[in-house]
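Notes to accompany the following structure.
Taken together, the values in this text are just the output of simple stated rules run on the coordinates, not laboratory data. Bear in mind that the values here come from a model prediction, so they are computed numbers and not experimental data. FYI the Cβ positions are ideal-geometry reconstructions off the backbone, even for glycines, and counts take in every protein chain you see.
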Amino acid sequence: MNEEPTHEPEEVQPDGGAATDDVALDPWGSSTVDDYRSLFEQFGIEEFDDVLPEVTDPHYLMRRGVIFGHRGYDRVARAMREGEPFAALSGFMPTGDPHIGHKLVFDELIWHQEQGGDTYGLIADLEAHSARGLPWEEIDEHARDYILSLLALGFDPTEGELYRQSENRELQDLAFELGSEVNFSEMEAIYGFGGETSVSHMQSVVTQMADILYPQLDEPKPTVIPVGPDQDPHVRLARDLAARTRYFGVTEAYASFEADPAERTVLARAYEERKSFADEPDRPRCVEAADWLDEHDALAALYDPAVIESTVEKLHAAGKEPLRPRVRFLDRNATEDAFEALIEAAEGEKRVYEAHIDSFELSRDAAEELAREVELAHGGYGFRAPSSIYHRFMTGLTGGKMSSSVPASHISLLDDPETGYGKVKSATTGGRETAERQRELGGRADECPVYELYAYLLAGDDDEFAKEVYDECVGGERLCGDCKEQAAVLMQEFLEEHQEKREEARELLAELDIDLDPKRV
Ligand code: TRP
Ligand code: SF4
């Protein structure tokens with residue numbers, strides 16, 4: 001049903017090769033990803049390893065590469081390091097029992113809460129009803145189970161917030177506002193929606209957009225959305241909407257005309273060289289820069305000739321206008337009052353145009369900050385682009401994908417501890433045909449669902465233990481029978497303890513302001 005999202009410009013493939021079509025990020029499709037690499041190349045998700053050094057005391061899911069990708073997480077990491085406000089939010093569709101795959105996200109939220117973030121967990125009941133057609137009674141039941149597990153694992157509801165989409169009026173108001181920034185063609189391009197798609201399903205999309213920006217309603221702040229990569233289309237749209245609702249855009253410019261980022265690098269270069277071509281080096285003229293660019297054949301090796309050409313054209317058209325760096329505020333959605341206020345507030349030399357303001361003294365950062373301040377003072381949201389982190393999907397215990405609809409493929413957090421034990425004992429492994437071969441060749445821990453259980457859950461924070469299992473397996477010292485027995489016992493213990501904590505959490509839940517039995521007409 002889904003097409004490759006098309007609302008962002010096509011990325012040039014770094015290897016010059018054609019993009020493979022085997023990954024489609026579809027929030028409502030089957031979520032398997034065979035090739036995580038292509039998520040970086042095709043969709044522009046960034047590698048988590050690149051920000052890992054910026055995270056103080058990272059979670060074990062980060063250390064072990066389970067969290068493999070991100071968008072803009074550096075902002076969140078910085079806020080965390082510097083003790084600045086930040087938030088974390090994720091949502092759960094209550095379509096079945098919470099299972100060990102959901103536990104990854106619960107843990108991610110709880111960890112961010114422990115690091116001092118404002119943390120939100122939401123029940124995506126509107127989405128479950130509209131996109132999956134689940135009846136409300138079932139939704140209510142599952143909603144309770146998700147929340148109990150989240151509490152049992154350590155979510156602090158007095159510090160953080162739990163809500164159901166259907167019960168949150170502020171959220172729905174925000175969804176309505178955001179909905180006026182998205183049209184049907186865009187939904188079609190991103191999600192493959194068509195004439196048969198219900199209006200409620202589309203409403204659940206704008207509701208998710210509102211979820212993602214909800215933590216910033218009090219105050220704009222870096223926000224991380226921990227999710228599986230199938231949710232990336234939602235994250236990208238939310239990042240887009242955050243920008244679209246802003247009152248002002250801030251860019252850099254060198255003259256009155258607009259230039260794209262590629263042209264700006266060429267302009268910057270010309271500006272740097274101004275002494276070599278300007279009659280008055282303090283007042284280099286656009287036309288002089290144009291001639292210099294035209295004459296410097298060597299530049300063609302550094303910049304795209306087509307970019308040079310378009311830059312030269314613009315410079316020529318600007319004629320004698322001085323070439324001079326500045327920051328530009330573009331009026332996107334500003335009220336008249338806000339625009340006036342920004343003119344007033346921009347200190348130093350500036351020039352005011354009909355729909356933009358050029359400032360010659362503010363730095364880019366100072367300009368961004370000022371734009372947000374003025375927006376907030378005049379009733380705007382001032383949203384920052386939300387960030388995301390992506391975790392790998394767990395392999396099913398029976399091989400293939402872990403699926404809520406195949407009980408043997410996953411372990412539900414509500415499974416009887418003995419059932420959990422039994423599921424691990426009968427799981428597929430990465431072992432060899434015989435013990436002898438295993439001793440000789442070693443096991444294939446990298447392809448083993450049982451090893452995943454250790455790494456994603458059973459070893460907890462104990463890296464030594466996870467490494468020991470791995471090394472013993474690939475070294476041929478560990479045999480699958482014993483290995484599974486050990487894992488099965490740990491799983492049983494985990495489930496016993498988790499379910500006790502769930503029982504204890506019932507009391508806490510009763511005190512919370514969340515209605516799991518709403519009256520519906
Ligand atoms: N669409 C998500 C899912 O299918 C659930 C969800 C709703 C969500 N709102 C969200 C996830 C906000 C992250 C952030 O599981
Ligand atoms: Fe998997 Fe353990 Fe067997 Fe290695 S020894 S393949 S980790 S079950």
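Output the residues belonging to the stretch 277-299 that are part of a helix (DSSP H, G or I) and loosely packed, with under 11 Cβ neighbours inside 10 Å. Don't jump to the end; show me each part of the working.
Initially, the stretch 277-299 is screened for residues part of a helix (DSSP H, G or I), giving 286-295, 297-299.
Result: 295, 297, 298.
From 215, 220, 233, grab the single residue that is more than 16 Å from ligand 2 (Cβ to nearest atom), within 18 Å of the chain's Cα centre (by Cα) and part of a loop (DSSP other than H, G, I, E, B).
On the way: 215 fails: part of a loop (DSSP other than H, G, I, E, B); 233 fails: part of a loop (DSSP other than H, G, I, E, B).
Exactly one of 215, 220, 233 is more than 16 Å from ligand 2 (Cβ to nearest atom), within 18 Å of the chain's Cα centre (by Cα) and part of a loop (DSSP other than H, G, I, E, B), namely 220.
Assess whether residue 262 counts as being outside any loop (DSSP other than H, G, I, E, B) and either within 14 Å of residue 174 (Cβ to Cβ) or touching a Phe, Trp or Tyr at 6+ places or on another chain (Cβ under 6 Å) (or both). So residue 262 does not fit the description; no. For the stretch 83-91, the criterion of being closer than 16 Å to residue 223 by Cβ and surrounded by fewer than 22 Cβ atoms within 10 Å (Cβ to Cβ) is met by at least one residue. Answer with yes or no whether residue 81 is over 24 Å from residue 122 (Cβ atoms) and in a helix (DSSP H, G or I). Spelling it out, residue 81 is indeed over 24 Å from residue 122 (Cβ atoms) and in a helix (DSSP H, G or I). Looking at the structure I just gave you, is residue 454 in contact (Cβ under 8 Å) with a residue 40 or more places away in the chain, in contact with a Leu (Cβ under 9 Å, 6 or more places away or on another chain) and either crowded, with 18+ Cβ neighbours inside 10 Å or closer than 30 Å to residue 332 by Cβ (or both)? Answer is no for this residue.
From the residues in the stretch 124-166 that are in contact (Cβ under 8 Å) with a residue 12 or more places away in the chain and among the β-branched types (Val, Ile, Thr), which one is farthest from residue 520 (Cα to Cα)? Applying the filter and picking the extreme gives 147. Does the stretch 36-80 hold any residues that are of a type in the set (Lys, Arg) and closer than 15 Å to residue 227 by Cα, and which are they? Residue satisfying the conditions is 71 alone. Would you be able to say whether some residue in the stretch 177-185 is hydrophobic (A, V, I, L, M, F, W, C) and touching a residue at least 40 places away in the same chain (Cβ under 8 Å)? Within the stretch 177-185, one or more residues are hydrophobic (A, V, I, L, M, F, W, C) and touching a residue at least 40 places away in the same chain (Cβ under 8 Å).
Selection of helices (runs of 4 or more DSSP H) fully inside the stretch 411-496 by the criterion of at least 1 residues being more than 16 Å from ligand 1 (Cβ to nearest atom), among the aromatic types (Phe, Trp, Tyr) and under 33 Å from the mean Cα position of the chain (by Cα) returns 449-453, 463-474.
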